[in-house]
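Asker: Pasting a structure here, questions to come.
The values are calculated or read from the model by the stated rules, or taken from the named source; none is laboratory data. Owing to the predicted nature of the structure, the values given are computational and were not obtained by experimental measurement. Here the Cβ positions follow ideal geometry from the backbone for every residue, glycine too, while neighbour counts run over all protein chains shown.
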Amino acid sequence: MPFPVDGVYNIRNVSEGLMLDLTNNSTAQGNQIQGYADNGSVAQQWVVKRQNEPGSPNKTISIQSNNEGYNGNGCFATARDDSDEPVVYTSQTFLVDLVARMDDTFTISFTLGNENLVLSIPSKHDSAVKIENYVEGSSRQQWEFKWLSNLQPIRN
């Protein structure tokens, strides 16, 4: 898949086959982001917006919950810039870099702090989404983006 355009996506972990999911569809500050079986709910819909000029080689994006349907509502973050740190919901915007892989998947790398930290689902038994140190070829750190829809027009 080419680099995602602005829109609403499901984001699936390659290793575990689980979707990036807002636990209990709750936008409470600090709510755990988890990997969960595909259920088609809004908790698994994420607004992806490019954060660079068109044609730029930079692959920086924001990923926000589509929970309220406002073209992005909150994001995910970690309390510390450290490996094995759980990823939680926050109302702040955090930027990530997408690193394309040969098989049309992406590694999601945090842009602030340690650039070696990437989004991961450690295992089906531990489906909490975490950041961890990048490991070459690790499918638990690879993500597929499935386009669902365009962003909604902004109305006054």
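Asker: I need the full set of residues from the stretch 137-156 which are in contact with a Ser or Thr (Cβ under 6 Å, 6 or more places away or on another chain) and at pLDDT below 90, in order please.
Answerer: Across the stretch 137-156, there are no qualifying residues.
Asker: What single numbered condition from (1) at pLDDT 90 or above; (2) over 20 Å from D126 (Cβ atoms); (3) crowded, with 19+ Cβ neighbours inside 10 Å fails to hold for V42?
Answerer: (3)
Asker: Does G69 satisfy the condition of being assigned to a loop (DSSP other than H, G, I, E, B) and at pLDDT below 85?
Answerer: Against the criterion (assigned to a loop (DSSP other than H, G, I, E, B) and at pLDDT below 85), G69 qualifies.
Asker: Can I ask one more? Looking only at residues in the stretch 82-115 that are within 28 Å of A28 (Cβ to Cβ) and of a type in the set (G, A, S), which one is modelled with the lowest pLDDT?
Answerer: Of everything passing the filter in the stretch 82-115, G113 is modelled with the lowest pLDDT.
Asker: If you don't mind, another one. Scan the stretch 116-135 residue by residue and report those that are exposed (fewer than 14 other Cβ atoms within 10 Å of the Cβ) and either modelled with pLDDT of 90 or more or in contact with a Ser or Thr (Cβ under 6 Å, 6 or more places away or on another chain) (or both).
Answerer: V135
Asker: Could you tell me how many of the residues in the stretch 4-41 are outside any loop (DSSP other than H, G, I, E, B) and within 20 Å of E85 (Cβ to Cβ)?
Answerer: 11
Asker: Additional query: Has the stretch 88-109 got any residue that is in contact with a helix residue (DSSP H, G or I) (Cβ under 6 Å, 6 or more places away or on another chain), farther than 13 Å from G17 by Cα and in a strand (DSSP E or B)?
Answerer: yes
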